[in-house]
Amino acid sequence: MTDTTLTIRRPDDWHVHFRDGDMLNAVAPHTARQFGRAIVMPNLVPPVTTIQAASDYRDRIMAAVGAEAGFTPLMTCYLTDTADADEIAQGFKQGVFSAVKFYPAGATTNSDSGVTNVKNVYPVFERMQEIGMPLLVHGEVTDPETDIFDREALYIEQVLTPILNDFPSLKVVMEHVTTKDAVDFVRSQADSGRLAATITAHHLVINRTDIFKGGIHPHLYCLPIAKRELHRLALREAATSGEAAFFLGTDTAPHARHAKESACGCAGIFTAPTAIETYANVFDEENALDKLEAFASLNGPAFYGMAASEETITLSKTTWTPEETIETAAGDPVRIFGGGEELAWKLVD
Ligand code: DOR
Ligand code: ZN
């Protein structure tokens, strides 16, 4: 027992995968319990590319979490080679789309409809720059010959830098950064205020060796894949710095257990039930609990031009052990990151 508590403004999650149907119903309440808002990824099958599809999806999310959760899903548009700049701009104006998600085709789960050549979407970037609509990038090159551990650093050089140069006022979030290269790059552009990065909880905790410790751990496999220790340390330093360019995005990405524990397991780590506690633990370990609110509740809304939450949450330094899995109506459990292991912080409901 302990009397250490921490009260912060209610955090937001600037990167979540909710899926659809039974999975959506099972996972979304876990995010809504912790976070006031979440940027919802559009990589459904088929992807969310129209105002109508996003608005319908938003309704299904609201039905899954219930109005009493006081939760707001912020929808995104999945960018394709044939994306319609008018539809995207109209969706932003109507408040249906909060941002556009750019997956390079083939980079990750459900990215087959993604962009094959960035030049194809330059007219869309032009319009987004004009209207101040943020572009969220999955920052990995897709050349299959490129070593999986080098894909993020090369993306910065080959794709991100040209975009930033060609669109000098486009707002860009480099999602789920995993390398010191990305941290350094985002910092190098900090003065512009138009480039930011989200950092997941799991990338603050695991490095690539953990994926193979004593055997292969499919539940620690995600994209971008965790990198070596020096990168994890750089991410922890960036997240706990309080700097405006770094904010919380869990990339919580549920897959049924059988799809992860398979001869060809899917990428994605489900962190929603333990997310804010995992971050709190990291900030505590880094003696930076005073920076958690900036990272979790202030920097994100400031970047997106939204007000910070007026609500608060309280975390207590209380040891507890989360369940190993959650159930879904389809009868297919989903493994929780850190499930079955002791956690030092707990969200007070
Ligand atoms: O690990 C990942 N899982 N990375 C992504 O970019 C997509 C996500 C998913 O949708 O499962
Ligand atoms: Zn993601």
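Hull surface divided by four, with the convex hull built on the Cα atoms of segment 1-50: how many nm²?
Details: hull surface 20.5 nm².
Mean projected area of the Cα convex hull: 5.1 nm².
How big is the dipole moment of segment 109-258 about its Cα centre under a simple scheme where the beta carbon of each Lys and Arg is +1, that of each Asp and Glu is -1, and everything else is neutral? Debye, nearest 20, please. Show your work: numbers first, answer last.
Numbers: 14 positive and 20 negative charges, 91 e Å.
My answer is approximately 440 debye.
Pulled fully out, how much extra length does the chain show between Q52 and L230, if you take 0.36 nm times their separation in residues and subtract their Cα-Cα distance? Spell out each step's value before the answer.
Numbers: separation 178, 0.36 × 178 = 64.08 nm, distance 4.38 nm.
So the chain would gain 59.7 nm between Q52 and L230.
From largest to smallest, what semi-axes in whole angstrom does segment 208-349 give when each is the square root of 5 times an eigenvalue of its alpha carbon gyration tensor?
Numbers: eigenvalues 144, 68, 50 Å².
Its equivalent ellipsoid spans semi-axes of 27, 18, 16 Å.
Please work out the C-alpha center-to-center distance from segment 141-181 to segment 211-261 and express it in whole Å.
17
Over all alpha-carbon pairs of segment 82-144, lay out the pair-distance distribution in 5 Å bins, whole %, shortest bin first.
In whole percents, the pair-distance histogram is 4, 18, 29, 23, 17, 8, 2, 0.
Which residue fluctuates the most in the chain, going by a Gaussian network model with Cα springs under 10 Å, if the choices are G249, G215, G268?
G215
Mind checking Rg over Rh on segment 149-220, alpha carbons, Kirkwood formula for Rh?
Values: Rg = 14.6 Å, Rh = 13.6 Å.
Ratio of gyration radius to Kirkwood radius for segment 149-220: 1.07.
Hey, rough spin-label estimate for T82 and R60, points 7 angstrom out along Cα→Cβ, what's it come to in nanometres?
With each label point 7 Å from Cα toward Cβ, the separation is 2.2 nm.
Enter the Cα centre distance for the pair segment 60-126 and segment 287-345, rounded to the nearest angstrom.
24
Within segment 121-193, which GluC sites (Glu not before Pro) sit in a loop by DSSP and count at most 16 neighbouring Cβ atoms inside 10 Å?
Working: sites: E126, E130, E140, E145, E152, E157, E175; in loops: E140, E145, E175.
The qualifying sites are E145.
Where both residues lie in the chain, what percent of DSSP beta bridges are antiparallel, nearest 5? Show your work: numbers first, answer last.
Values: 11 of 36 bridges.
Antiparallel bridges: around 30 percent, rounded to the nearest 5.
Given the convex hull of the Cα atoms of segment 275-327, what is a quarter of its surface area in nm²? Display every interim value, and only then the final one.
On the way: hull surface 21.0 nm².
Averaged projected area of segment 275-327's Cα convex hull equals 5.3 nm².
Under the rule of -39500 (n - 2.57) per DSSP H run of 4 or more residues, summed and divided by the residues of the chain, what mean residue ellipticity at 222 nm is obtained, to the nearest 500 deg cm²/dmol?
On the way: 12 runs with 104 residues, N = 349.
Mean residue ellipticity, 222 nm, calculated: -8500 deg cm²/dmol.
So for segment 74-207, considering every pair of alpha-carbon atoms, how many percent are separated by more than 23 Å? Can you show the working numbers first?
Working: 2696 of 8911 pairs.
Result: 30 percent of Cα pairs exceed 23 Å.
Which helices count as membrane-span-like in the chain under these terms: full DSSP H, at least 18 Å along the axis by C-alpha, Kyte-Doolittle mean of 0.0 or more?
On the way: long enough: 21-34 (21 Å, -0.40); 51-65 (21 Å, 0.05).
Span-like helices here: 51-65.
If r is the Cβ-Cβ distance from F212 to T161 and R0 is 41 Å, what FRET efficiency results, to the nearest 0.05?
Efficiency, from the Cβ-Cβ distance: 0.80.
How much net charge surrounds D166 when only the other residues with a Cβ under 13 Å from the Cβ of D166 are counted, with Lys and Arg +1 and Asp and Glu -1? Kindly include the intermediate steps, with their values, before the conclusion.
Details: positive: K119; negative: E126.
Neighbour charge sum, excluding D166 itself: 0.
Which number do you get for Rg(Cα) / (2.2 N^0.38 Å) in the chain? Please list the in-between numbers first.
Numbers: Rg = 18.7 Å, N = 349, 2.2 N^0.38 = 20.4 Å.
Compactness ratio reported: 0.92.
Using 1/(1 + (r/R0)^6) with R0 = 45 angstrom and r between the beta carbons of D191 and C264, what's the FRET efficiency to the nearest 0.05? Display every interim value, and only then the final one.
Values: r = 44 Å, r/R0 = 0.97.
Taking R0 as 45 Å, the efficiency between D191 and C264 is 0.55.
For segment 244-297, what is the convex hull volume of the alpha-carbon atoms per residue, in Å³? It would help to have the intermediate numbers written out before the result.
Numbers: hull volume 5.3 nm³, N = 54.
In segment 244-297, the Cα convex hull volume per residue is 98 Å³.
Rule-based calculations on the coordinates, nothing more; no lab input. These numbers come from a predicted model, not from an experiment. Don't worry about glycine lacking a Cβ; one is built from the backbone with ideal geometry, like all the others, and counts go over all protein chains shown.
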